[in-house]
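The values are calculated or read from the model by the stated rules, or taken from the named source; none is laboratory data. Here the structure is a predicted model, which is why all the values come from computation and not from measurement. For neighbour counting, all protein chains shown are included, and Cβ atoms are generated from backbone atoms with ideal geometry for every residue, glycine included. Note: areas computed on protein heavy atoms with side chains; ligands, DNA, RNA excluded. Shrake-Rupley method; radii C 1.70, N 1.55, O 1.52, S 1.80 Å.
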Amino acid sequence: MKEYTSENIRNFALIGHGGSGKTIFTDAVLFNSGAVTRIGRVEDGSTVSDYHQDEIDRQISIDATLATTEFKDLKFNILDTPGYTDFSGEVFSSLRVSDTAILFLKAVEGVEVGSELVWKYAAAAQLPSMIVIN
């Protein structure tokens, strides 16, 4: 296994309301970087980060999941976090170990309750953040 120094590691927390696209984005990044050979589907229970049976049955993320990939001698740690407020502790914990927060918003629905909550968590953690409109 390749070893990385801390300056060559990036930790991203994907945050947002449920169903905003965090899990599929994780699969897409892994696919495009060559870490996996296909993009999974939440409906099929075939995504990389939602692998617990409860997550597959409910078609939602319950636990934060770490996915890693490499790009240009950098290691990217992607933390795919749950979107429903019942599991906001997972988001809070993930932000504590992240360098950057990426907030996902649904283009049609816009800012939702879960979006506001996790944005406040990121602001409290004083993390550099960006918004992705999906």
In the range 80-91, is there at least one residue being in contact (Cβ under 8 Å) with a residue 12 or more places away in the chain and over 16 Å from residue 18 (Cβ atoms)? no
Residues that are closer than 15 Å to residue 132 by Cβ, of a type in the set (Val, Ile, Thr) and open to solvent by less than 80 Å² (accessible area, probe 1.4 Å): which helices (runs of 4 or more DSSP H) entirely in the range 18-115 hold 3 or more of them? 22-32
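Yes or no, residue by residue, for (1) within 11 Å of the chain's Cα centre (by Cα); (2) closer than 26 Å to residue 126 by Cβ; (3) not polar (S, T, N, Q):
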{"position": "15", "(1), (2), (3)": "yes, yes, yes"}
{"position": "25", "(1), (2), (3)": "yes, yes, yes"}
{"position": "33", "(1), (2), (3)": "no, no, no"}
{"position": "37", "(1), (2), (3)": "no, no, no"}
{"position": "51", "(1), (2), (3)": "no, no, yes"}
{"position": "54", "(1), (2), (3)": "no, no, yes"}
{"position": "72", "(1), (2), (3)": "no, no, yes"}
{"position": "83", "(1), (2), (3)": "yes, yes, yes"}
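When only residues in the range 1-17 that are open to solvent by 40 Å² or more (accessible area, probe 1.4 Å) and of a type outside the set (Ser, Thr, Tyr) count, which is modelled with the lowest pLDDT? First the steps, then the outcome.
Filtering the range 1-17 for residues open to solvent by 40 Å² or more (accessible area, probe 1.4 Å) gives 1-10, 12.
If we keep only those that are of a type outside the set (Ser, Thr, Tyr) as well, we get 1-3, 7-10, 12.
On the way: 1: 61, 2: 83, 3: 88, 7: 94, 8: 95, 9: 96, 10: 96, 12: 96.
So, considering only residues that are open to solvent by 40 Å² or more (accessible area, probe 1.4 Å) and of a type outside the set (Ser, Thr, Tyr), the one modelled with the lowest pLDDT is 1.
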